[in-house]
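Comments concern the structure below.
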Amino acid sequence: MPETSNLSGQHILLGISGGIAAYKTPILVRRLVEAGASVQVVMTANAHQFVTATSLQAVSGNPVRDDLWDAAAEAAMGHIELARWADQILIAPATASMIARLATGEASDLLSTLCLASPAPVSVAPAMNQQMYQHPAVQRNLASLEADGYRIIGPDSGDQACGDQGPGRMTEPEDLLSALAQHPLSGDDAGSLTGCTVMVTTGPTREAIDPVRYISNHSSGLQGLAIAESARRAGATVILIAGPGVPSAHWQIERRDVTTAQEMYEEVHNSLPAADIFIGVAAVADYRPANSEAQKIKRHRHADSDMKLALVENPDIIASVVQSGQVKVVVGFAAETNDTLNNAREKRARKGLDAIVVNDVSDRSIGFNSTNNAVTLIHEHGEVAFGTQPKTVIADQLIRELTPIFTAKTAQKL
Ligand code: CTP
């Protein structure tokens, strides 16, 4: 069972849009109510095709709303009042159409209007066919929502109601509950990093071999992006140094885009005097080609012998941050394929880090290119493991766990 005590007394507005996963929502409402939350349900017109308002009313104990123009419902609690009532909004399932409406800021139905009118944090649990989920338009809309501060939970990957296999299954009710319970703005964490400047590096770097080829790795940058976002929600000023391909970040996050390790090193050191905390999530290429060719290397140049690529070492950015002594806390990440914990403990000591977060990338269903992760945080006072969960939830948990260290060290050295 997830830890859900934070939900007790919270007002949760559950928005249901028209996808097959809506059949799971009465269970979700039931679990929220059992955790002590008050739940109001808002359905879109299409959601009625998959679940009945009668069931949702029975489990929530409140009338279900679906119409912006329902005079009786408006008289009981106007939609602006309902928007203000919510401590958190969860849209589950969020269909491609719902996501598109939210991304464009439409107020064409009650649910999209409430999302615009509410100051509460909004979490969105996408659910749709895997082909739809992977469509660039849907991905673009999800990236816009993240940039606007919405939290995306899931989706899970696996068997789909339509018979397909892949990403697009709505996150299970238990995991949604746990994500809501861990939202930084729902607990005591809001404002816990106010006054701190946190610098985060994320994504891969690309080291050019010639104008068309490069050395890189599988990093998506999503975990670092989620950490930057959690730190921002906890009140920090955030500087994000992002490698290529990292989706857009919230407008309040100061973002610098870089391509190579050398550029990342320079951007980090340019902004380091402003930072109190450094979190290195980037998968920095340790080596780069000794000479990046100005013209495309032709195959025939090496036709009679194997091609050999001479490499030179890139700077170790995080180690240079530690050595500079300019920040008060340095947290590293380690992606390992074997002897995970021992390698990470050794790396933390070798690089002089306050803490290191390690994940086992030999399991390809999590970590690289996945929205889920499972990590262990190792710091001077102990080790904490966080099981497989959305990267956004892991980020919230890491920021919460690290905050006492941040607070102690930043206060100590002021
Ligand atoms: N890191 C960095 N600069 C580098 C390499 C790594 O800042 N040139 C940071 C990463 O952002 C991460 C930590 O160091 O926070 C560990 O990264 P990893 O690649 O696991 O470390 P390496 O020193 O490259 O160790 P390995 O021998 O396992 O490659």
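The values are calculated or read from the model by the stated rules, or taken from the named source; none is laboratory data. Here the structure is a predicted model, which is why all the values come from computation and not from measurement. Reconstructed Cβ throughout: ideal geometry from the backbone, glycine too, with neighbour counts over all protein chains shown. These accessible areas exclude ligands, DNA and RNA; they are computed on the full protein's heavy atoms, side chains included. Shrake-Rupley method; radii C 1.70, N 1.55, O 1.52, S 1.80 Å.
Here D67 and A274 are evaluated by their C-beta separation; at R0 = 60 Å the FRET efficiency comes out at 0.75.
Computed from the C-beta positions of V212 and A374, the FRET efficiency with R₀ = 45 Å rounds to 0.80.
Pairs of Cα atoms nearer than 8 Å and 6+ residues apart set the relative contact order; for the chain it is 12 percent.
Give me the one-decimal Kirkwood hydrodynamic radius in Å for the chain, with the sum taken over alpha-carbon pairs. That comes to 22.7 Å for the chain.
Our estimate of slack between S5 and A76, defined as 0.36 nm per intervening residue step minus the Cα-Cα distance, is 22.6 nm. Largest accessible area first, the listed residues R299, R206, R84 line up as R299, R84, R206 when surface is computed with a 1.4 Å probe on the assembled protein chains.
For the range 18-80 versus the range 91-123, the spacing of their alpha-carbon centroids is 15 Å.
Note on Q252 and D286: their simple-model spin labels are 3.9 nm apart, each label 7 Å out from Cα toward Cβ. For the chain, the longest principal axis of the Cα atoms and the long axis of helix 136-147 meet at an angle of about 90 degrees.
The range 188-412 has equivalent-ellipsoid semi-axes of 32, 19, 17 Å, by the square roots of 5 times the alpha carbon gyration tensor eigenvalues, sorted largest first. Given K351/K391; K24/K391; K296/K351, which pairs have Cα atoms separated by over 30 Å? The pairs that break the limit, which is 30 Å between Cα atoms, are K296/K351. Expressed per residue, the C-alpha convex hull volume of the range 134-272 stands at 125 Å³.
Taken over the range 1-155, the ratio of Cα radius of gyration to 2.2 N^0.38 Å equals 0.98. Simple point charges give the picture: +1 on the Cβ of Lys and Arg, -1 on the Cβ of Asp and Glu, and for the chain a dipole about the Cα centre of about 680 debye.
Which FRET efficiency, nearest 0.05, do N46 and T337 yield, Cβ-Cβ r, R0 41 Å? The formula returns an efficiency of 0.40 here. Relative to the longest principal axis of the Cα atoms of the chain, the long axis of helix 340-351 makes an angle of roughly 60 degrees. Within the chain, the longest run free of chymotrypsin sites (Phe, Trp or Tyr not before Pro) that sit in a DSSP loop with at most 13 other Cβ atoms within 10 Å is 70-250.
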